[in-house]
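What follows is a set of notes on a single structure, which appears directly below.
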Amino acid sequence: MTLHSDRTAQFLGRISSCDDGAMRVCPIPGCGRPPQARAGKGASLTHCDRCCRHRNRHGDLVKSTYTAAQLAPYRSATSRFLVLRRNDPYVLAAEQGIALLVECAGPGHRLADLPRLSSRAKVQAALVRIRNRGVPARKLLIIALTISAAVMDDPIRPIGIPGEFRRTQIGKRALRTSSGYHANYGPYGRYDRYPRSAGRMLRQLGKAIEEAADPAMAHLGAIIELKRAAFPESPSNRRTID
């Protein structure tokens, strides 16, 4: 047995056995389940398997992915702002940065090969699919600004690692722009395969796009003001937490 496989076996044995040193109950309010390590279902000493899976999929232990209806006011305000400030140097720099990120993504991979790749390779594969689908850099910039504005204006803050929820949400939205492989084999035959929308890959993809769009993030305050003016009845306009 190689050193790598030996370490893997030891790790799998450790996470499948109960650890009495773990917390007794998951600290998330209303959860009440034992942490992964205490239940013998994972490595977390503090949070239960359900909460860890929720974080893996949505980027936070409590908050869930924003719906299209929740993001619509921010997307509208972002699109309007970019039209009004089309020649803004920060916007142009962000758009060029995203275009360069996608253009330099490198070679692609088949969707069937993704489960065996590292998270970094999965990010590159996602960027290649975005490039092959011809997704414009402006669309990815709108996604990054829309999500960032929604998170900044949200009165209910994420409770996980700072920035993780925002980056995961950007990654999920970006992944949807080039989601899946589709093939038609006649009137009664169709094959669809989609990449898994969860895990470290989403955070890394969102981080890459967020960093490329960073110059335009200086305008988030103006975008939020446009949103509040255009949608005065939106729930976040009646926020009580700053």
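Here are a few things to note about the model shown:
- Selection from the range 144-162 of residues that are within 18 Å of Ala198 (Cβ to Cβ), open to solvent by 10 Å² or more (accessible area, probe 1.4 Å) and either in a helix (DSSP H, G or I) or free of Cβ contacts under 8 Å to residues at least 24 places away in the same chain (or both): Ile161
- Selection within the range 117-156 - under 15 Å from Arg167 (Cβ atoms), modelled with pLDDT of 90 or more and among the small types (Gly, Ala, Ser): Ala144, Ser148, Ala149, Ala150
- Checklist (1) of a type in the set (A, V, I, L, M, F, W, C); (2) part of a helix (DSSP H, G or I); (3) without any contact (Cβ under 8 Å) to a residue 12 or more places away in the chain applied to Val25, failing item: (2)
- Filtered by the rule that a residue be at pLDDT 75 or above and buried (at least 18 other Cβ atoms within 10 Å of the Cβ), the range 184-203 gives Met201, Leu202, Arg203.
- Qualifying positions in the range 48-60 - under 13 Å from Gly30 (Cβ atoms) and open to solvent by less than 40 Å² (accessible area, probe 1.4 Å): Cys48, Cys51
- Scan of the range 129-143 for residues that are surrounded by fewer than 20 Cβ atoms within 10 Å (Cβ to Cβ) and over 17 Å from the mean Cα position of the chain (by Cα), ordered by number: Arg131, Asn132, Arg133, Gly134, Val135, Pro136, Arg138
- Verdict on Leu100 being assigned to a helix (DSSP H, G or I) and buried (at least 19 other Cβ atoms within 10 Å of the Cβ): no
- From the options Gln70, Gln124, residue that is closer than 18 Å to Arg200 by Cβ and part of a helix (DSSP H, G or I): Gln124
- Taken over the range 61-79, residues that are surrounded by 22 or more Cβ atoms within 10 Å (Cβ to Cβ) and touching a Gly at 6+ places or on another chain (Cβ under 9 Å) amount to 1.
- Counted residues, the range 213-236 - those being polar (S, T, N, Q) and in contact with a Leu (Cβ under 6 Å, 6 or more places away or on another chain): 0
- Here Ala68, Ala94 are screened, and the one residue that is under 21 Å from the mean Cα position of the chain (by Cα) and at pLDDT 95 or above is Ala94.
- Some residue of the range 220-236 being open to solvent by 90 Å² or more (accessible area, probe 1.4 Å), over 26 Å from Glu103 (Cα atoms) and modelled with pLDDT under 70: yes
- Any hit, the range 104-122, residues being open to solvent by less than 40 Å² (accessible area, probe 1.4 Å), hydrophobic (A, V, I, L, M, F, W, C) and free of Cβ contacts under 8 Å to residues at least 40 places away in the same chain: yes
The values are calculated or read from the model by the stated rules, or taken from the named source; none is laboratory data. Keep in mind the model is a prediction, meaning the values are calculated, not measured. Neighbour counts are summed over all protein chains in view; Cβ atoms, including those assigned to glycine, are modelled from backbone coordinates with ideal geometry. Each accessible area value is taken on the protein alone, full model and side chains, heavy atoms only, with ligands, DNA and RNA left out. Shrake-Rupley method; radii C 1.70, N 1.55, O 1.52, S 1.80 Å.
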